[in-house]
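Comments concern the structure below.
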Amino acid sequence: MAVSPALLLFMDRNLLARKHNARFDRQRDLGWKLFGKVPLRENAQKDSKRIQKEHEDKAGSPSRPPSPKQNVRKNLDFEPLSTTALILEDRPANLPAKPAEEAQKHRQQYEEMVVQAKKRELKEAQRRKKQLEERCRVEESIGNAVLTWNNEILPNWDTMWCSRKVRDLWWQGIPPSVRGKVWSLAIGNELNITHELFDICLARAKERWRSLSTGGSEVESEDAGFSAADREASLELIKLDISRTFPNLCIFQQGGPYHDMLHSILGAYTCYRPDVGYVQGMSFIAAVLILNLDTADAFIAFSNLLNKPCQMAFFRVDHSLMLTYFAAFEVFFEENLPKLFAHFKKNNLTPDIYLIDWIFTLYSRSLPLDLACRVWDVFCRDGEEFLFRTALGILKLFEDILARMDFIHSAQFLTRLPEDLPAEEVFAAIAAIQMQSRNKKWAQVLAALQKDSREMEKGSPSLRH
C-alpha cells in the first residue's frame, strides 16, 4: 500500500517536534535543578542519579557513599535550599565551576556565620541561665522571708513591728502570702468596724440599688442630708469606675471573679460614709486590698485607710489642706532636686498636675501593680510621708529626661509613666531622697504650714470658708 508524500512529511515534522520537546524538557529540568527543585515526575530520582553520575565521570572524582542528609533528600520531591548548600556544594554540571578563590571566600564566610550563630546561642543560654538563677534566688529569699514573718514577726507584732530588722524586711517588700495580714495590722482599725457592720452597710447598699432601679424615692433618716440625685450619681460613678479598674487584668469588670466584691465594698462605703460618698480613684485602692484580703477585712482596711488625714483631705477635696500638702512637698522638692525644681517653676508645672492622681490612687494606677504594692508596703510602715517621698523618688529617677522637657511633655510624661519601671531602680531613687529640711522632718514642716494657713485665714476675710 503506497503512502502519499504529504503524509510522510507530516509524520517527519511530528517526530522532529517530539525530539525537540524532549530536548527542551531535559534543559528545563536542569534549569529547575539550579534552584533546588525538580519537576514532579515518576522517574525524578532516576534522572537525579544519572545526572550526578555524569557529573562525577566528567570531574573524575570517585563517587562517595551518600550521607544521611542525602538519604533524606532522596525521599523528597524537591531538594531544600540552605546556606550550607549554596556555599559548600559544587555548582551544577551545566554551570562553570566555582573559582578556588571564591570557594575559599564562601567557606570563610560560612564559617564566620557559624561562629557568630554559636556566640549568639551561647549568649542566649547564659542569659536564660542568669534569669533562672535570679528567679531561684528571689524565690528562696521570699520563702525565707515568709518563714520570718509567720514565725517571728506576726506572733510578736506589738513588740517587733518597729524594730530595725522588721523595717529592713519591710523595705525589701512583704511576701504576697502575708502582705494582707501585715497591711491590716499596720493600717489598724481605729474606727472599730466589725464584720457585722460591713454586712449592715452592704445590705443597706443593696436595698438602695433596688430602690433606685425600681424608681423608688425612699430616703433613710441618716441620708436625709443627701439628695437622691447625689446617691444615684455615686452609684453610677461606681459602675463606671469599676469597668476602668485594672482593665488589663480583666478580673474586676462585669463577669469577672472580683467584680461583685469590688462593687460591694464601694457600695457599702457610700452607706458607711455618705458625707464622703464615692470619689473617682477609690476603686483602685479597694481593688488592691481585695487582691490581698477577704471582702470584709478589705472593707475594714479600706475605710480606715481613707480616714487617714491625707486621704480624707484629698477625697473630701479640702482645697486649703491640699494646698498645704503641695506646699510641704515643694519644700522637700527644692531641698532634694533644686535644678529640676527651678525648671518646673520656670515652666509653671505645679505639683497638683501630677500629684493628685498619684495620691488619690496611692500609685496603684500610675505604677506597675507589683511595684505599687511595694510602695504600699512602706506606706503602711511610714504613713503619708512615704507617698510624697515616692513622688520625689520618681522625679529623681527621671530628672535628666524631665529637665529637657517643656510643660506639655513633662505633664504628659508624669501622668503616664513608663509601664516597665524596674522596682529596684525606683526604690534606689526613693532611698536617695532625704525627708528633712533645715533640721525639720515632714510632719514638722507640714504642721508649720498648716499653722500659717490657719493664721492667714483668720487674718484675711477673703480666705474664710
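Which pairs turn up if I take residues in region 86-104 that are modelled with pLDDT under 80 and look for partners that are open to solvent by less than 70 Å² (accessible area, probe 1.4 Å) and aromatic (F, W, Y) with beta carbon separation below 6 Å, at least 6 apart in sequence or on another chain?
Every condition considered, the pairs that remain are I87/Y110.
Which residue is surrounded by the fewest Cβ atoms within 10 Å (Cβ to Cβ), if the candidates are limited to region 376-417 and must be in contact (Cβ under 8 Å) with a residue 60 or more places away in the chain and polar (S, T, N, Q)?
Taking the candidates together, the pick is T415.
Kindly provide the set of residues from region 159-206 that are modelled with pLDDT of 95 or more and acidic (D, E), ordered by number.
Scanning region 159-206 gives E190, E196, D199.
Is region 301-316 home to any residue that is under 20 Å from A432 (Cα atoms), in the same structural domain as I430 (by the TED database) and charged (D, E, K, R)?
no
The values are calculated or read from the model by the stated rules, or taken from the named source; none is laboratory data. Not measured: the values here are computed from a predicted model. For neighbour counting, all protein chains shown are included, and Cβ atoms are generated from backbone atoms with ideal geometry for every residue, glycine included. Each accessible area value is taken on the protein alone, full model and side chains, heavy atoms only, with ligands, DNA and RNA left out. Shrake-Rupley method; radii C 1.70, N 1.55, O 1.52, S 1.80 Å.
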